[in-house]
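The values are calculated or read from the model by the stated rules, or taken from the named source; none is laboratory data. Note that the coordinates shown come from a computational prediction; the quantities given were computed from them, not determined experimentally. For neighbour counting, all protein chains shown are included, and Cβ atoms are generated from backbone atoms with ideal geometry for every residue, glycine included. With ligands, DNA and RNA removed, areas are computed over all heavy atoms of the protein, side chains included. Shrake-Rupley method; radii C 1.70, N 1.55, O 1.52, S 1.80 Å.
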Amino acid sequence: MNKTYLFELLGELKDMPRDEVITTSFTESDGNCRKVCDGPGYVVMELPEECVDGINDRLALTHMMGDYLGSFDPSDLSSVENMVLPEGTFAIRYRRFKGMLADVDSQKLIRNIGMILSKKNSVNLKEPDVVVRMFMSDMIHLYIEKKAFDADLLRERKVSERPFFSPISLHPKYARALINLTGVKRGGTVLDPFCGTGGIVIEAATMGMKAVASDFDPEMVAGTRENMDFYKLPLHDFEVIDISDIPERFSEIDAVACDPPYGRSTKTGGENIDSIYARALNSFPEVLSQNGKAGVVLPHPFNADAMNLEGVYIQYVHGTLSRHYHIFGKN
């Protein structure tokens, strides 16, 4: 049986948190879901209840989620009369998304909603049985909190915590989101052909996927193996190999996910950086399975004749550095 859930998103990277929820929901439910609505900082999904834990285990760019109660204009609380809470006491907590509905008095609104809900349930502000979340965005959205995600997601696997690391590596939450946006399933094979220090394959393995690493630099492959051992994660396969040669070594890969060198302090063998990107995107279709996709982080927008660009998400890092998270499908 499907139920409706609201996912309260992190306020970064614009559409990327929303699309991570939608793609992961479709992946974990085998397509048995639908988007009900979305807006600034949230998305509402209809999902099989048994798939929710699997989805939550994967998400990286979500703040909180829970059972959706409804949405309404702050000037009309009539729909709250029909909202039903589980048995037990309740308390209301709120979050205002990026200063939206700034003219609405949140504390007054909480009191008014609380008065309506308290007709059927008692209030307990300190130790409630149920936490009702009030999310202030384009409208007022109410939901029953089911899971709060760690604000410092995966801190034990941050770059600086690994025995072998580079300061320019992706934060684990972005590595995880990149994998999720490819739509790869648990048990699927994820290849990072620019493995660097192994951040992407670490996240793939923690999500139950077969992690495969390669790089033209032997030091990076060795460092990735060291980091995987450090976290006691299995590395399904690995190779020291140039990006153009990966089709000779790998096949039927369900997803490619990678953060290629940006050409500053990284080794490129003297080759122009865009030439490396072009060779990579020519190789990916040959290693991917029929429905496989590639998630590629690049310092600027990049198109490829060999692959279909399905989406780009931009992250402004500092100064002139931006990361462009590309999702490519096979032509």
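Structural remarks
- Rounded to the nearest whole Hz, the Karplus-based 3J(HN,Hα) values (6.51 cos²θ - 1.76 cosθ + 1.60, θ = phi - 60°) of the stretch 94-100 follow the sequence 9, 9, 9, 7, 6, x, 6, with x at glycine and proline.
- Taking amide H as placed 1.01 Å from N in the peptide plane, the amide H of residue 130 sits under 5 Å from that of 89, 90, 91, each at least 5 places away or on another chain.
- Residue 65 sits with roughly 0 Å² accessible to a 1.4 Å probe, with DNA, RNA and ligands left out of the calculation.
- Each of residue 57 and residue 148 was given a label point 7 Å from its Cα along the Cα-to-Cβ line. The distance between the two points is 2.3 nm.
- Ratio Rg/Rh [Cα only; Rh per Kirkwood] for the stretch 1-57: 0.94
- Backbone HN-Hα couplings from phi across the stretch 66-75 [Karplus 6.51/-1.76/1.60, Hz, Gly and Pro as x]: x, 5, 6, 9, x, 10, 6, 6, x, 8
- In the chain, helical runs assigned H by DSSP with n ≥ 4 each contribute -39500 (n - 2.57); averaged across all residues and rounded to the nearest 500, the mean residue ellipticity at 222 nm is -7500 deg cm²/dmol.
- Eligible aspartates and glutamates near residue 119 by straight Cα distance, threshold 17 Å, same-chain separation 8 or greater: 81, 87, 129
- Taking amide H as placed 1.01 Å from N in the peptide plane, residue 311 has its amide H under 5 Å from the amide H of 327, each at least 5 places away in sequence or on another chain.
- In percent, rounded to a whole number, the relative contact order of the stretch 204-306 is 28, using alpha-carbon pairs under 8 Å and six or more apart.
- Across the chain, C-alpha contacts under 8 Å between residues 6 or more apart give a mean separation that, scaled by the residue count, equals a relative contact order of 13 percent.
- Across the stretch 61-89, the residues whose backbone nitrogen lies under 14 Å from the label position 7 Å along the beta-carbon direction of residue 122 are 87-89.
- Under 19 Å from residue 158, Cα to Cα: aspartates and glutamates that are on another chain or at least 8 residues apart: 12, 57, 150, 192, 203, 226, 229, 259
- Estimated at 0.36 nm per residue, the fully extended path between residue 168 and residue 103 surpasses their Cα-Cα distance by 19.3 nm.
- Taking θ as phi - 60° and the Karplus parameters 6.51, -1.76 and 1.60, the scalar couplings of the stretch 321-327 work out to 8, 10, 9, 10, 8, 8, 10 Hz in sequence order, x denoting glycine and proline.
- Cα-projected label distance for residue 279 with residue 324, points at 7 Å along beta-carbon direction, nm: 2.1 nm
- Basic side chains Lys and Arg get +1 at the Cβ, acidic Asp and Glu get -1 at the Cβ, and with that the dipole of the chain about its Cα centre reaches some 940 debye.
- For the peptides 17-23, 82-88, 243-249, the ranking by packing is 17-23, 243-249, 82-88, with the highest mean count of neighbouring Cβ atoms within 10 Å listed first.
- Here r is the Cβ-Cβ distance between residue 87 and residue 186 and R0 is 35 Å; the resulting FRET efficiency, rounded to 0.05, is 0.50.
- Convex hull volume of the Cα atoms of the stretch 96-148, normalised per residue: 99 Å³.
- Amide H partners (placed H, <5 Å) of residue 34, local residues excluded: 46
- Rolling a 1.4 angstrom probe over the protein heavy atoms with all chains in place gives the stretch 203-331 an accessible area of 48 Å² per residue.
- Computed from the alpha carbon positions, the gyration tensor of the stretch 105-187 leads to an equivalent ellipsoid with semi-axes of 39, 15, 14 Å, biggest first.
- Semi-axis lengths (Å, descending) of the ellipsoid that matches the C-alpha gyration tensor of the chain: 42, 19, 18
- Measuring nothing but protein heavy atoms, the accessible surface of the chain at 1.4 Å probe radius is 47 percent carbon and sulfur.
- Working from label points 7 Å from Cα in the Cα-to-Cβ sense, the residue 15 to residue 229 distance is 4.4 nm.
- Per-residue surface analysis assigns residue 45 an accessible area of about 0 Å², computed on protein heavy atoms at 1.4 Å probe radius.
- Links that overshoot a 27 Å alpha carbon limit, given the list 3/185; 120/147; 35/126: 35/126
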